[in-house]
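Chemist: One structure is given below, represented as structure tokens, and several questions about it will come after.
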Amino acid sequence: MIKTEHSASSRRLFLVSAAGGVTGLSALAASTLSGVAPASAAEPRSLPQPGRFPLKAISSDNGLEATRKAYELLAAGADTLDAAIAGVTLVEDDPNDNTVGLGGLPNENGVVQLDAAVMHGPTHKAGAVAALERIRNPAQVARLVMRQTDHVLLVGAGALEFACANGFQEQDLLTERARKIWLYWKQTHGATDDWLPPADEEIDPEVRQYFKRHTGTIHLAAMNAIGDLSCVTSTSGLAFKLPGRVGDSPILGAGLFVDNQVGSCGSTGRGEANLLNLSSYAGVEQMRQGKPPREAGLAVLRDVVRRSEPRLLDDQGRAKFDLKLYLIAKDGTHAGVSLWGPEKFAVTDAAGTRHEACESLYQREAKA
Ligand code: GLY
């Protein structure tokens, strides 16, 4: 059974909508009903009618099927957070995605440590776990932190204890492929240790394509027909990170943020840049001040670059790292933005399931 967490205003909206009495309401009345303050009484915001918000799920590039799953659940009336977590669970369970959950790349010691956060717009509640080991679905554990405790964030051994108390099964999350990638990294990354690099013919061809150190993650945001918003971010974090390193994903305002009256924003990419800029909070704040999602996201990325220390910038002042933001505004518009393009993000809405191009500050040179 799906547990729903509609706010009082959402329930009221739904009941009004179900009674069929809202179709002719003005945008002002609509925004008042949904709890969205108009810019001024004389200048109502032109929001869609209650019950007419566009169902949608948007996600990072790796979340195409996740958005499809979330959308199906939204269409069946699921709560936005439950729908978003169900989508993310698909990717956490996928051993072939080495950025999230089972199969995620491990830390420096070969141990998979996961971070995740969930945020529920209608109640403005959230839960998160960080440096969680041996549990493949950290987003589900984060939801329980939100529902069952008076806390927002549990870390490490405490998070594992909490998950086990709730019946989550422990398992080794290091897949054979992730172990080989990690081993290759150990054999090759240092010039002053005792590891020797393998001969070229000894390198597993399946593993070769993953040698670049990276920060992969999934973010997924969902909007339902009454305009409620929720989102989830889940990750194994920076590959080969220092044990105990926590990135942006489980930190509210950095890896994700929702204001149910304004919009949602979440991120993938260099977590440290997000932690230093609270980029997801900033993205929502930019939308609250009137920018559409694309402009809001690009403004945040420009601020991230402006505040970055010189060692992280190239000789043209561009970021040497990447960062992507995924935004939905309360009016149902959305965007994905990235420091470097071309990049894409996943969307499912009434027009179907697809990748869309991110708007980017810089373009990578095409390989010859
Ligand atoms: N954005 C994921 C991380 O840095 O951990």
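Chemist: If you go through segment 317-326 one residue at a time, do you hit one that is in the same structural domain as L256 (by TED's automatic domain parsing) and part of a helix (DSSP H, G or I)? Talk me through it step by step, then tell me what you get.
Modeler: Step one: filter segment 317-326 for residues in the same structural domain as L256 (by TED's automatic domain parsing), giving 317-326.
Keeping just the survivors that are part of a helix (DSSP H, G or I) gives none.
So far as segment 317-326 goes, no, none of its residues is in the same structural domain as L256 (by TED's automatic domain parsing) and part of a helix (DSSP H, G or I).
Chemist: Residues of segment 228-246 being near the ligand (Cβ under 8 Å from one of its atoms), closer than 19 Å to A126 by Cβ and not in a strand (DSSP E or B), which ones?
Modeler: Once the filter is applied, which keeps residues that are near the ligand (Cβ under 8 Å from one of its atoms), closer than 19 Å to A126 by Cβ and not in a strand (DSSP E or B), segment 228-246 yields only V246.
Chemist: Let me ask something else. Having 2 or more residues that are of a type in the set (S, T, N, Q) and surrounded by fewer than 20 Cβ atoms within 10 Å (Cβ to Cβ) is the bar; report the helices (runs of 4 or more DSSP H) wholly within segment 120-223 that clear it. Spell out how you get there, then give the answer.
Modeler: Numbers: elements: 138-148, 156-165, 176-188, 205-208.
Ranges flagged: 176-188.
Chemist: Suppose the filter is away from the ligand (no atom under 14 Å from the Cβ) and modelled with pLDDT of 95 or more; does A273 pass it?
Modeler: In short, no.
Chemist: Please specify each residue of segment 251-269 satisfying the condition of being assigned to a loop (DSSP other than H, G, I, E, B) and either more than 9 Å from the ligand (Cβ to nearest atom) or of a type in the set (D, E, K, R) (or both).
Modeler: Going through segment 251-269, the residues assigned to a loop (DSSP other than H, G, I, E, B) turn out to be 251, 253-255, 260-262.
Within segment 251-269, I251, G253, N260, Q261, V262 qualify.
Chemist: Here's a follow-up. Only residues that are surrounded by fewer than 18 Cβ atoms within 10 Å (Cβ to Cβ) and not charged (D, E, K, R): list them for segment 300-311, please.
Modeler: Narrowing segment 300-311 to residues surrounded by fewer than 18 Cβ atoms within 10 Å (Cβ to Cβ): 302-303, 306-307, 309-311.
Once the filter is applied, which keeps residues that are surrounded by fewer than 18 Cβ atoms within 10 Å (Cβ to Cβ) and not charged (D, E, K, R), segment 300-311 yields only P310.
Chemist: From the residues in segment 50-96 that are part of a helix (DSSP H, G or I) and free of Cβ contacts under 8 Å to residues at least 24 places away in the same chain, which one is farthest from the chain's Cα centre (by Cα)?
Modeler: A75
Chemist: Okay, moving on. Give the residue that is surrounded by the fewest Cβ atoms within 10 Å (Cβ to Cβ), with candidates limited to residues of segment 224-237 that are on the phi < 0 side of the Ramachandran plot and over 15 Å from the mean Cα position of the chain (by Cα).
Modeler: In the first step, residues of segment 224-237 are kept if they are on the phi < 0 side of the Ramachandran plot; the result is 224-226, 228-236.
Keeping just the survivors that are over 15 Å from the mean Cα position of the chain (by Cα) gives 224-226, 228.
Working: N224: 27, A225: 18, I226: 24, D228: 29.
Across segment 224-237, the extreme among qualifying residues is A225.
Chemist: Filter segment 270-309 down to the residues that are in a helix (DSSP H, G or I) and acidic (D, E), then identify the one that is farthest from R245 (Cα to Cα).
Modeler: Filtering segment 270-309 down to residues in a helix (DSSP H, G or I) leaves 271-277, 279-288, 293-307.
Remaining after also requiring acidic (D, E): 272, 285, 295, 303.
Numbers: E272: 10, E285: 27, E295: 31, D303: 24 Å.
Among them, the one singled out is E295.
Chemist: Sticking with this structure for a sec: Just wondering, is there one or more residues in segment 328-339 that are at pLDDT 95 or above, surrounded by fewer than 24 Cβ atoms within 10 Å (Cβ to Cβ), farther than 13 Å from I58 by Cα and more than 16 Å from the ligand (Cβ to nearest atom)?
Modeler: Yes, segment 328-339 contains at least one residue that is at pLDDT 95 or above, surrounded by fewer than 24 Cβ atoms within 10 Å (Cβ to Cβ), farther than 13 Å from I58 by Cα and more than 16 Å from the ligand (Cβ to nearest atom).
Chemist: Further, regarding this structure: Condition (residue is surrounded by fewer than 24 Cβ atoms within 10 Å (Cβ to Cβ) and within 15 Å of L173 (Cα to Cα)) applied to segment 66-89: is it met by at least one residue?
Modeler: Yes: one or more hits.
Chemist: Further question on the same structure: Return the pairs, sorted by first residue and then second, in which the second residue is in a loop (DSSP other than H, G, I, E, B) and of a type in the set (G, A, S), the first residue lies in segment 114-133 and is farther than 11 Å from D248 by Cα and in the same structural domain as G227 (by TED's automatic domain parsing), the beta carbons are less than 8 Å apart, and the residues are 6+ apart or on different chains.
Modeler: L114/G101; L114/G104; P122/S7; T123/S7; A131/G244
Chemist: Shifting gears a bit: Just a yes or no: is a residue in segment 44-59 out of contact with any Cys (no Cβ under 7 Å at 6 or more places or on another chain), small (G, A, S) and at pLDDT 95 or above?
Modeler: Going residue by residue through segment 44-59, those that are out of contact with any Cys (no Cβ under 7 Å at 6 or more places or on another chain) are 44-59.
Of the ones still in play, those that are also small (G, A, S) are 46, 51, 57, 59.
Cutting the leftovers down to at pLDDT 95 or above gives us 57, 59.
Scanning segment 44-59 turns up at least one residue that is out of contact with any Cys (no Cβ under 7 Å at 6 or more places or on another chain), small (G, A, S) and at pLDDT 95 or above.
The values are calculated or read from the model by the stated rules, or taken from the named source; none is laboratory data. On a predicted model such as this, the values are computed, not experimentally measured, just so you know. In this analysis, Cβ positions are derived from the backbone assuming ideal geometry, glycine residues included, and neighbour counts consider all displayed protein chains.
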